[in-house]
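J.: Dumping the structure here so I can ask a few things about it.
Nothing in this text is a laboratory measurement; each read-out follows from the coordinates by a stated rule. Quick caveat, the model's predicted, so the values are computed rather than measured. Using ideal geometry, Cβ is built from the backbone for each residue, glycine included, and neighbour counts are taken over all protein chains shown.
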Amino acid sequence: MNRLVLISGYPSSGKTTRALQLKELFESKIAGSASDSRVSKIRVHHISDQTLGLSRQVYHTAKAEKDARAEEYSAVKRVLSPDDIVLADGLNYIKGFRYQLYCEAKAVQTPSCVVHIGTPIEKCRQINKKLLEDTEADGGYDEDDFENLIFRYEEPNGMTRWDSPLFTVLDEDETPPFEQIWDALVGSDGKVKLVRPNQATVLKPATEQNYLYELDKTTSDILAQIMTYQKDHAGEGGGEVVVPDVEKPIELPATPMTLPQLQRIRRQFITMNRQHSFSKARVKEIFVDYLNSQFL
C-alpha cells in the first residue's frame, strides 16, 4: 500500500529539512520492523525541486513554474506503487494542485496526509536572504519571486478532505509529529490503512455513448448558471448557486469569477473525468464538488 506525504510551506521555511527528518525516521522505523513483512518491504522516496534538478528560477515565470509543477506531479505519480512512502517536498502552495495529488492517491487507494511547515513569514524572509548571500549553497529565491510566492500561498485547511489529516510543524518543534504521521499512513495496530476510492477518482471505461457530450453540456450549463447568478447579483460577491438534483450548492468566492477563470477550471475537470462513466446526475454532483474545492 503506497502512501503520500504532501509537504507544504512558505519558500525557505525548512520544508526539505523536515522532509529529510521524516525520511530518516521512516527508514529507521522500517529497519526496526524486520519481523513485520508488511512494514519491512516499504521503500521511502523523497521528491523535491532539487532531486528533480529544478532551479529556483522556475518561479520567475508562470510557464516555467507550471512546467515544474507538472514535473513534480509526474514524478510523484510514477512512484505511487505498492510498498512505497512518497515524500512530495515542494511548495505545494496551490490548493488545486494539492487536490490533484490527493485524487491520484485516492485513485490507487493509498492514504495521504499534508505536513504544513509553519515557519513565520519574517523568519522565512531572513533565511531566504542568507541563502541568497551564500553563493556556494543551493541558494534562495529571487526576492521578487519570494514575495510573490508568499502573497499567493494558499494555506492548507484541515477541514477539507484533500488537506486532511493535516499536521503542522512549528519552527520550534525538534521533529515533525512522526508517530501520528506513521499511524495515519501505516497504522500502529497491525492493520493496513485502506482507502476507498470515490466515484470521482475511479477510472472506468466511458461506456455511455453520449457520455462525453453530457460531460461537456452539463458542465457548460452549470457555468452559465454561475454567470447568470453573478450578473443578477452584481457587486455583491459570494453567494450560493443551487444546481437542480444536487444537494450541496455552489459556494461562490467573495471576488466574482470571470468566464475565462471558470472555463479553465471546467477544462481541468473534463480532462480528469473524460475516461469515467457517470450518470448525468453524478456529473453535476462531482462538478459542483470540484468547483467548491477550487473556490475555497
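J.: Say we look at the stretch 213-258 and pick out the residues that are more than 15 Å from Arg282 (Cα to Cα) and acidic (Asp, Glu); which of these is nearest to the chain's Cα centre (by Cα)?
T.: Glu251
J.: Working only within the stretch 1-43, note down all residues that are farther than 21 Å from Leu91 by Cβ, among the aliphatic types (A, V, I, L, M) and in contact (Cβ under 8 Å) with a residue 40 or more places away in the chain.
T.: Met1, Leu25, Val39, Ile42
J.: Being free of Cβ contacts under 8 Å to residues at least 24 places away in the same chain, touching a helix residue (DSSP H, G or I) at 6+ places or on another chain (Cβ under 8 Å) and not in a helix (DSSP H, G or I) is the filter here, so list the residues in the stretch 119-148 that pass it.
T.: Across the stretch 119-148, the qualifying residue is only Ala137.
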